[in-house]
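Accompanying notes for the structure given below.
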Amino acid sequence: MKILIISDIHANLVAFETVLADAGEFDHVWCLGDVVGYGPQPNECIEKLRALKPLCLAGNHDWAVIEKIDLGEFNPDARKATLWTREQLTPHNLDWLHQLPERVPTELEKFTLVHGSPRYPIWEYVLGPAIARINFDYFDTPICLMGHTHVPVLYRFKTEDDIAVPEALAENTPLILGPDRMMLNPGSVGQPRDGDPRAAYAMLDTESLTLTSTRIEYDIAATQALMRDAELPARLVNRLSAGW
Ligand code: ZN
């Protein structure tokens, strides 16, 4: 089975459609949260994703839009984009955000899915090996998939040394999952933050147990034009070109 792994679409439909076209055929979609927030096409992104019948997690931006978390936690630009998103969404799409789970152990029993971290699924950023090490104690499966930082990365748990070791995810090279336990972030579809503005996604092959990470150029200017039309904050518009 081939499973498309995506995260942090952030209402960037142009990036999302580019990823879907590049990914080709797959059997399922696992989405690690933050479908909306920041970007200009929240309804379209939810509807496109829903049509794929995904396994989708809740992210902090999804929860902020439906007032499940306080907007005081957000910076002014993120807050403005959240309020704008709340006004745009149809009741049907707001309901869909409400039912997103915080944490999912998959039916395959090998994977735990979260947005932020296994310890604090909505909020914690796994930004380095020390935080990754702590979080290996908070899930039981061999592999954890997470999003939230918008930076593609792999952490391997080295039992003999009791440490988490970070590795870059090599592009277009199948990564063999195991024998170490792993935490993996596929990066962000709609707002990459590793200095590379291309959209990021990964494809999981459950037979060979490999994960292949991909970056793909999309029409950033098209998304930025829609953001300007919507009067979304200029800093959010500009950051897409820089990939941060
Ligand atoms: Zn995000």
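The values are calculated or read from the model by the stated rules, or taken from the named source; none is laboratory data. Everything quoted here is computed from the prediction, not taken from an experiment. In this analysis, Cβ positions are derived from the backbone assuming ideal geometry, glycine residues included, and neighbour counts consider all displayed protein chains. For the accessible areas, the whole protein counts, side chains as well, though only heavy atoms, and no ligand, DNA or RNA atoms are used. Shrake-Rupley method; radii C 1.70, N 1.55, O 1.52, S 1.80 Å.
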Within the set 206, 223, 149, GNM on the chain using Cα springs under 10 Å gives the largest fluctuation to 206
The set of cysteines in the chain having no other cysteine's C-beta under 4.7 Å reads 45, 144
The answer for the stretch 2-242, accessible area per residue at 1.4 Å probe in Å², is 41 Å²
Straight-line reach check, residue 2, cutoff 25 Å on alpha carbons, 8 or more apart in-chain or any other chain, hits among lysines -> 48, 53, 110
Ordered by number, the GluC sites (Glu not before Pro) in the stretch 145-202 that occupy a DSSP loop and have at most 16 other Cβ atoms within 10 Å are 160
With a ≥ b ≥ c from the Cα gyration tensor eigenvalues, square-rooted, and the rule rounded for a/c under 1.5, otherwise prolate when a/b > b/c and oblate otherwise, the stretch 128-212 is oblate
GNM of the chain, Cα pairs under 10 angstrom: of 93, 12, 60, the biggest fluctuation goes to 93
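What percentage of the solvent-accessible surface of the chain, computed with a 1.4 Å probe over protein heavy atoms, is contributed by carbon and sulfur atoms?
53 percent
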In Å, the C-alpha Rg and Dmax of the stretch 2-242 are 16.8, 55
In whole µm²/s, the translational diffusion coefficient that Stokes-Einstein assigns to the stretch 164-211, given a Kirkwood hydrodynamic radius over C-alpha pairs, 25 °C and 0.890 mPa s, equals 204 µm²/s
In degrees, nearest 10, the alpha-carbon axis of helix 13-23 is tilted away from the dominant principal axis of the alpha carbons of the chain by 40 degrees
